[in-house]
Each structure stands twice: as C-alpha cells, then as structure tokens.
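Presented below is the structure to which this report refers.
The values are calculated or read from the model by the stated rules, or taken from the named source; none is laboratory data. Nothing here was measured: the structure is a model prediction, and the numbers come from that model. For neighbour counting, all protein chains shown are included, and Cβ atoms are generated from backbone atoms with ideal geometry for every residue, glycine included. Surface areas here come from the heavy atoms of the whole protein model, side chains and all, with no ligands, DNA or RNA. Shrake-Rupley method; radii C 1.70, N 1.55, O 1.52, S 1.80 Å.
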Amino acid sequence: MGLNTRIIVHIMGLLLLCNGSFMLLAAFVSGIYKDGVTLDITLAAIVTMLFGVMAMFYTRGHKKEVKRKEGYIVVTFGWIIMSISGTLPYLFSGAIPEVTNAFFETISGYTTTGASIIDDIEAMPEGILFWRSLTHWIGGMGIIVLAIAILPLLGIGGMQLFAAEAPGPAGDKLHPRITDTAKRLWLIYFGYTVAETILLKLAGMSFFDAMNHSLATLSTGGFSTKNASLAYWNNQPLIQYITILFMFLAGSNFVLSYFAFTGKVQRILKDEEFKYYTIFIVLFTIVAALVVYFNANVPVSDFHPMVLGKAESAFRHALFQVVAIVTTTGFVTADFTSWTPFLTIFFFGLMFLGGSAGSTAGGIKVMRHLLIIKNGLLEFKRTLHTNAIIPVRYNEKTVSEHIVYNIIAFFVLYMLFFIIGSLVLGFLGLDFVSAIGGSASSLGNVGPALGSLNPVSNYNSLPDAGKWWCGFLMLLGRLELFTVLIILTPYFWKKT
C-alpha cells in the first residue's frame with residue numbers, strides 16, 4: 001500500500017486556510033491600532049489562503065483515510081508548512097526582512113519556544129506583535145488538534161493524527177470520539193486565555209499587553225511585547241503572580257483541568273505526575289529563593305512593607321523563574337544566569353525537566369522522568385530476584401514494557417540530540433556555555449538559554465546556519481523526537 005498523498009496535500013491546504021484566517025485576525029488588530037501594516041498582513045493572509053484553497057481544490061475526491069504513516073507526515077510537514085507561510089506577515093511588512101530571521105521567529109513561535117531575534121520588540125507594529133503571539137497560541141495546543149475538530153466535516157477520521165501530535169507519552173482521551181476530545185481541550189485552552197487576559201487587564205496591564213501575554217502564557221511560549229519581558233512589571237507583583245498561576249496550569253495536563261471542571265477532583269489528587277510536578281516546583285522554588293535571598297541582588301518591590309520586601313521579592317523571582325523554566329514558557333523577570341554560578345547550573349538542569357504530559361509544555365516531561373526513575377530503582381530488585389516479574393506501576397496501574405522501552409529510547413535520543421546540537425553550535429563558533437545552553441533550550445522549547453543567549457539577550461547573534469539548526473531542534477523537541485525522526489528513516493518510505 002502506497003501513501004495517500006492526496007489526503008496529505010488536502011490537509012496541508014486546510015492548515016494553510018486556517019493559518020490565513022488567523023492572519024486576517026492579526027490584520028484586524030493591526031487596523032484597530034492603525035500601525036501601518038494592515039494591508040501587508042492582509043496580503044499575506046490572502047496569499048496563504050489562496051495556496052490553501054488551490055491545494056484543497058486539486059485534491060478533491062481524495063480517499064478519506066489517514067493511516068499512521070500519513071499522520072506522521074501531516075504532523076511534521078504541517079508544522080513546516082505553517083512555519084513557512086507564517087513568515088509572510090514579517091516579510092511583507094518588512095518587520096523582519098531577512099528570510100532566515102523571519103523563519104526562525106516563526107518556527108520559534110509555532111513550537112512555543114519563545115527564542116527571538118528581534119532586538120527592539122517595542123518598536124514593532126501592534127499587528128506584527130499580535131501575529132507573533134498568535135503563532136504561539138496556534139502551536140500551543142497543536143495545529144493538528146485544531147484540524148481534528150474540523151476534519152470530520154470532511155469525512156476524515158483523526159485518531160492517527162492525535163497519536164502523532166498528542167504531547168507526552170500518553171494521549172489521555174476525555175471522550176471516546178477524538179473530535180470531541182479536541183473540542184474540549186480547545187475550549188479549556190480558550191477559556192484559560194480569556195480568563196488570564198481579563199485578570200492581567202484588571203491587575204494593571206493594557207488590554208493589548210494582557211491579550212498578547214495570555215496567548216504566550218497558555219501556549220507556554222514566552223514571546224512578550226516588551227524588551228524586558230515580564231521584568232517590565234517588576235514593580236507590579238500581582239501581574240507576575242497571575243502569570244505564574246497560568247504558567248502552572250498550562251504546564252499541567254489539560255485532561256486534569258477537564259476533570260476539575262467536571263467535579264472529579266479525586267482524579268487530580270491521585271495523579272502521580274501532577275503530584276510530583278507540584279512537589280518539584282515547590283522544592284526548586286525554596287532552593288532558588290534561599291540562594292537569591294542570601295546571595296543575589298534582585299529588585300525589591302513595595303508589594304510588602306519594609307522587612308518582608310526582600311523576602312517577597314526573592315520568593316517571587318525564584319518562583320517565577322522556576323515555573324517559567326519547568327513549564328518551558330521562558331518569560332523572565334530577571335537574568336537568572338547572573339544570580340550565582342550554582343543557580344545558573346540549577347536552571348540549566350531544569351531545562352531538561354519539562355512540564356506534564358498532555359500540557360503545552362516542552363521538555364522531556366515529568367511523567368517520563370518518573371517512569372525512568374521507577375524502572376531504574378526496580379532494576380535493583382530484578383538483579384536480586386532474577387526470576388521475578390516486577391513491573392513498573394504508575395497511577396496504581398501496570399505500565400507495559402513497550403511503554404517503558406519507548407521512554408528509555410526517547411530519553412537516550414533526547415540526550416544524544418542535545419549533545420549533537422551542542423557540537424553543531426560549537427562548530428559554528430559559539431562558546432561552550434552558549435552552545436550547551438542554546439541546544440538544551442531549543443530542544444526543550446524553553447527560549448532563554450545561557451552565555452550569549454542568556455535571558456536578557458536574544459538569538460540574533462547566532463550565525464544563519466545556527467538559526468536554521470536551532471529551528472530544527474525546536475521542531476524535533478516540539479514533536480517529541482519520534483514524529484520527526486521516523487520520517488528520516490529509510491524503512492518508513494518502503495511500501496508495505
């Protein structure tokens with residue numbers, strides 16, 4: 001059986017149509033603010049939608065079946081097609097005139113990495129800033145999950161797509177029909193975005209800033225409308241605490257949010273991953289806050305009077321940065337690489353943790369770490385009791401050996417590509433600290449890194465080849481390695 005290329009092209013057309021529609025929304029925002037780029041963004045939308053319509057028109061009458069192979073191709077190339085078309089508003093408006101830079105900014109947006117090449121963000125037109133934030137929001141829950149909600153209208157099943165796209169080792173379905181799952185996830189995602197926008201506006205942000213930061217928070221992206229990121233509001237702690245809350249929610253499994261809204265609180269309390277996700281954040285925050293309080297010079301807000309000022313500020317900055325790095329959101333309130341050498345290494349390590357499976361966060365994910373540790377500890381028992389069958393258990397259920405092997409393979413590949421990524425960046429001229437930081441941050445979709453790519457700098461200093469390489473690492477990390485790597489293997493393309 002060969003590939004159903006017509007359905008692949010048809011879905012690509014559908015994605016381009018969706019992308020163009022979002023561009024029209026950005027053009028509308030541009031028109032409201034009269035920023036001078038409304039026609040440019042509209043033209044980008046028309047071109048994108050025209051290609052989408054052409055692709056769908058020429059593949060009409062296709063066989064309406066998506067198998068596993070087609071699913072992997074659609075997810076990987078769908079992301080690439082979206083990123084290529086997403087450069088058009090930047091290029092047409094002249095906001096980012098270079099193709100390499102425009103593509104880097106776009107793929108960083110869709111993969112929710114949040115690494116930027118823009119030196120002066122605040123000089124950008126509002127329509128472009130909104131489009132930049134929208135790329136985060138589209139990529140956050142997954143452009144393919146969005147398509148799943150639409151595909152049944154075309155008579156196409158989407159289970160194969162969800163298997164390739166669902167973030168984390170387990171796609172936990174809320175409803176037997178995958179379409180209903182996608183709709184419920186998007187409803188929660190949209191609801192959280194609206195809620196955060198309202199709260200940030202009430203806390204003192206302008207509506208435009210609140211809207212953009214909400215789009216970037218729920219997608220765990222990290223693009224800000226300010227050069228200083230959330231440090232711009234260091235004297236307004238409430239804004240930062242609201243952002244922390246929604247970063248935490250975005251980094252947790254969205255299925256648990258669904259359980260919370262349906263009154264199934266016990267399901268949340270019994271979830272091992274959520275328990276350890278919370279414990280990790282609390283412990284890491286305590287460690288970072290103590291080091292910051294006793295060693296680092298951080299801004300002290302007037303949120304608490306006098307004596308509590310420094311303690312509150314140390315706690316807030318530590319909590320914000322821990323949550324931002326663990327959830328791979330990448331917002332910053334300070335340059336954590338300047339706090340102490342210990343905390344620089346500490347936050348570098350957190351880049352490998354990641355949020356929960358089923359969240360919009362990147363990284364390895366807490367669930368995988370838990371299962372690797374559990375399996376490692378059980379190896380001691382298996383060594384002593386060679387004939388005993390001792391399975392790994394998670395949430396009081398036995399985990400199949402296949403899943404355990406898959407997670408170990410993922411971890412090995414992840415570390416291998418981190419090393420390869422660092423070597424390539426080193427070969428391109430980056431120093432050791434910048435190379436390992438850039439590789440870990442790109443692969444984990446974190447954003448801020450170390451060295452010349454630190455939280456108060458950006459990625460514009462990278463050579464062009466380095467930007468394309470980091471873009472590849474971002475895509476690899478966002479699509480959980482296997483989805484991208486499997487299509488690079490010879491046997492994937494063999495006819496079966």
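Some values worked out for this structure:
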| read-out | value |
| --- | --- |
| For Asp35: the one exception among (1) at pLDDT below 95; (2) assigned to a helix (DSSP H, G or I); (3) of a type in the set (Asp, Glu) | (2) |
| Residue match in the stretch 161-168 (condition: farther than 30 Å from Val404 by Cβ, at pLDDT below 55, hydrophobic (A, V, I, L, M, F, W, C) and part of a loop (DSSP other than H, G, I, E, B)) | no |
| Count of residues meeting criterion [within 13 Å of Tyr459 (Cα to Cα) and out of contact with any Asp or Glu (no Cβ under 9 Å at 6 or more places or on another chain)] in the stretch 82-102 | 1 |
| Total residues in the stretch 397-433, condition open to solvent by 30 Å² or more (accessible area, probe 1.4 Å) and in contact with a Lys or Arg (Cβ under 8 Å, 6 or more places away or on another chain) | 1 |
| Residues of the stretch 226-258 that turn out to be open to solvent by less than 30 Å² (accessible area, probe 1.4 Å), modelled with pLDDT under 90 and of a type in the set (Phe, Trp, Tyr), as a count | 1 |
| Members of the stretch 110-132 found to be under 20 Å from Gly36 (Cβ atoms) and surrounded by fewer than 24 Cβ atoms within 10 Å (Cβ to Cβ), listed by number | Ile118, Asp119, Asp120, Ile121, Glu122, Ala123, Met124, Pro125, Glu126 |
| Filter result for the condition that a residue is outside any loop (DSSP other than H, G, I, E, B) and of a type outside the set (D, E, K, R), over Ile436, Ile390 | Ile436 |
| Selected residue (only one of Leu343, Leu370, Leu353, Leu377 is assigned to a helix (DSSP H, G or I), closer than 21 Å to Phe418 by Cβ and open to solvent by 10 Å² or more (accessible area, probe 1.4 Å)) | Leu370 |
| Residues of the stretch 195-209 satisfying the condition of being farther than 26 Å from Ile107 by Cβ and either of a type in the set (D, E, K, R) or assigned to a helix (DSSP H, G or I) (or both) | Ala195, Ile198, Leu199, Leu200, Lys201, Leu202, Ala203, Phe207 |
| Given (1) among the hydrophobic types (A, V, I, L, M, F, W, C); (2) at pLDDT below 95; (3) open to solvent by 20 Å² or more (accessible area, probe 1.4 Å); (4) in contact with a Phe, Trp or Tyr (Cβ under 8 Å, 6 or more places away or on another chain), number of the condition Ile436 does not satisfy | (2) |
| Filter pass, Leu202 being over 19 Å from Gly114 (Cβ atoms), open to solvent by 40 Å² or more (accessible area, probe 1.4 Å), free of Cβ contacts under 8 Å to residues at least 40 places away in the same chain and under 19 Å from the mean Cα position of the chain (by Cα) | no |
| Members of the stretch 228-249 that are closer than 23 Å to Phe284 by Cβ and in a loop (DSSP other than H, G, I, E, B) | Asn234 |
| All positions within the stretch 211-227 that are in a loop (DSSP other than H, G, I, E, B) and closer than 21 Å to Met474 by Cβ | Ser219, Thr220, Gly221, Gly222, Phe223, Ser224 |
| Total residues in the stretch 337-377, condition under 14 Å from the mean Cα position of the chain (by Cα) and not aromatic (Phe, Trp, Tyr) | 14 |
| Of all residues in the stretch 92-109 being without any contact (Cβ under 8 Å) to a residue 40 or more places away in the chain, of a type outside the set (D, E, K, R) and in a helix (DSSP H, G or I), the one that is surrounded by the fewest Cβ atoms within 10 Å (Cβ to Cβ) | Val99 |
| Which numbered condition Phe411 misses (of (1) within 30 Å of Ser434 (Cβ to Cβ); (2) assigned to a loop (DSSP other than H, G, I, E, B)) | (2) |
| Unmet requirement for Gly61, which otherwise passes all of (1) more than 21 Å from Pro463 (Cα to Cα); (2) outside any helix (DSSP H, G or I); (3) in contact with an Asp or Glu (Cβ under 9 Å, 6 or more places away or on another chain) | (3) |
| Residue check, Ala55 under 24 Å from the mean Cα position of the chain (by Cα) and either surrounded by fewer than 20 Cβ atoms within 10 Å (Cβ to Cβ) or in contact (Cβ under 8 Å) with a residue 40 or more places away in the chain (or both) | no |
| For Asp464: the one exception among (1) over 22 Å from Ala361 (Cα atoms); (2) open to solvent by 10 Å² or more (accessible area, probe 1.4 Å); (3) at pLDDT below 90; (4) out of contact with any Gly (no Cβ under 9 Å at 6 or more places or on another chain) | (3) |
| Subset of the stretch 276-285 (residues that are touching a residue at least 12 places away in the same chain (Cβ under 8 Å) and hydrophobic (A, V, I, L, M, F, W, C)) | Phe280, Ile281, Phe284 |
| Residue match in the stretch 71-84 (condition: open to solvent by 10 Å² or more (accessible area, probe 1.4 Å), over 24 Å from Phe104 (Cβ atoms), free of Cβ contacts under 8 Å to residues at least 60 places away in the same chain and not small (Gly, Ala, Ser)) | no |
| Some residue of the stretch 216-223 being modelled with pLDDT of 95 or more, on the phi < 0 side of the Ramachandran plot and open to solvent by 10 Å² or more (accessible area, probe 1.4 Å) | no |
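For every residue, the table says whether it meets (1) open to solvent by 40 Å² or more (accessible area, probe 1.4 Å); (2) free of Cβ contacts under 8 Å to residues at least 12 places away in the same chain; (3) closer than 22 Å to Gly109 by Cα; (4) of a type outside the set (Asp, Glu).
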site	(1), (2), (3), (4)
Ile8	no, no, no, yes
Gly13	no, no, yes, yes
Leu16	no, no, yes, yes
Gly20	no, no, yes, yes
Met23	no, no, yes, yes
Ala26	no, no, yes, yes
Val29	no, no, yes, yes
Ile41	no, no, yes, yes
Met49	yes, no, yes, yes
